[in-house]
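Reviewing the structure listed below.
The values are calculated or read from the model by the stated rules, or taken from the named source; none is laboratory data. Being a predicted model, the structure only gives us computed values, none of them experimental. Using ideal geometry, Cβ is built from the backbone for each residue, glycine included, and neighbour counts are taken over all protein chains shown.
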Amino acid sequence: MFRGIYAAATALDAAQQRQEVTAANLANSSTPGYKQQGVRFETFNLAIGRDQPPPPDIVGTRLAATYTDFRPSALQPTGNPTDLALGEPDQFFAVQGPTGTVFTRNGSFRLTAQGQLVTHAGYPLLGTTGPIAVPEGTGRVNVASDGSVTADGTPVGNVRLVRFADLTRLSPAGPTLYTAPQDMPPQDAAGRVAQGFREASNVNPTETMVGMIASTRYYEAAQRALRAIAESVQLNTRPQG
């Protein structure tokens, strides 16, 4: 009896967590540079709330890990000179976040009144020597395929491009931002930059919607199972006579 309760209760929790991740993916299906998130589950044999191992017939499931699917997606032409896309699937832009450097494949930037190239959240795009900035009154900003930036023909910097030894160790710091552990510093790398393009999200809205429906069905099935077990317990514990 209790074996079924553990299984159904943890299945409810797993379905809810999967649904939350799926909903976030669907909400960001049109966000430039977004990489879809996924979840992995594993069975466990420890009873909820116990410090000691329970009998071996108690089963359940729990969240093992979340992960990011870094598969590249299509480049969308925008014609906007401050939109940039990376030509290599394992590279990132470096931007100055509120607590340090963070990394992104979202190349949808804007030019501030002070001449800085920043993300739409206001984080400056970093070059090899610091934030990229252009003089006030610049008429045209050009970013060459090697990342070099000119303002009306005058060089003003080079976009910093980085890669990492193991993408699975990056941690999300926002919908399209990532941080790296201290023991895995970014490696500066030459790459290709496409001006006037941006990378689309790699979320397939149709597949994601199907996944959301499936998660709902899993949740409902676990809910029915838990209700049936609870009703059975009540019947078996009801005083006789």
Practice item. Only residues in the stretch 197-216 that are over 30 Å from residue 79 (Cβ atoms) and crowded, with 19+ Cβ neighbours inside 10 Å count as the first member; pair them with residues that are modelled with pLDDT under 95 and of a type in the set (Lys, Arg), Cβ under 6 angstrom, at least 6 apart or cross-chain, and list the lot. Key: 215/18
Point to revise | Test: residue in the stretch 123-136 that is part of a helix (DSSP H, G or I), under 22 Å from residue 179 (Cα atoms) and not assigned by TED's automatic domain parsing to the domain that holds residue 32 | key: no
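Rundown of residues vs (1) out of contact with any Pro (no Cβ under 6 Å at 6 or more places or on another chain); (2) on the phi > 0 side of the Ramachandran plot; (3) of a type in the set (Val, Ile, Thr), yes/no style:
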residue: 157; (1), (2), (3): yes, yes, no
residue: 181; (1), (2), (3): yes, no, no
residue: 191; (1), (2), (3): yes, no, no
residue: 197; (1), (2), (3): no, no, no
residue: 211; (1), (2), (3): yes, no, no
residue: 231; (1), (2), (3): yes, no, no
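Residues checked against (1) crowded, with 17+ Cβ neighbours inside 10 Å; (2) modelled with pLDDT of 80 or more:
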| position | (1), (2) |
| --- | --- |
| 3 | no, no |
| 11 | yes, no |
| 33 | yes, yes |
| 40 | no, yes |
| 48 | no, no |
| 57 | no, no |
| 66 | no, yes |
| 73 | yes, yes |
| 79 | no, yes |
Exercise for review: Hey, could you check the stretch 127-144 for residues that are within 27 Å of the chain's Cα centre (by Cα) and of a type in the set (Gly, Ala, Ser) and say which is surrounded by the fewest Cβ atoms within 10 Å (Cβ to Cβ)?
Suggested key: 130
Check your understanding: Only one of (1) in a strand (DSSP E or B); (2) at pLDDT below 95; (3) out of contact with any helix residue (DSSP H, G or I) (no Cβ under 7 Å at 6 or more places or on another chain); (4) not β-branched (Val, Ile, Thr) is not met by residue 17, so which one is it?
Key -> (1)
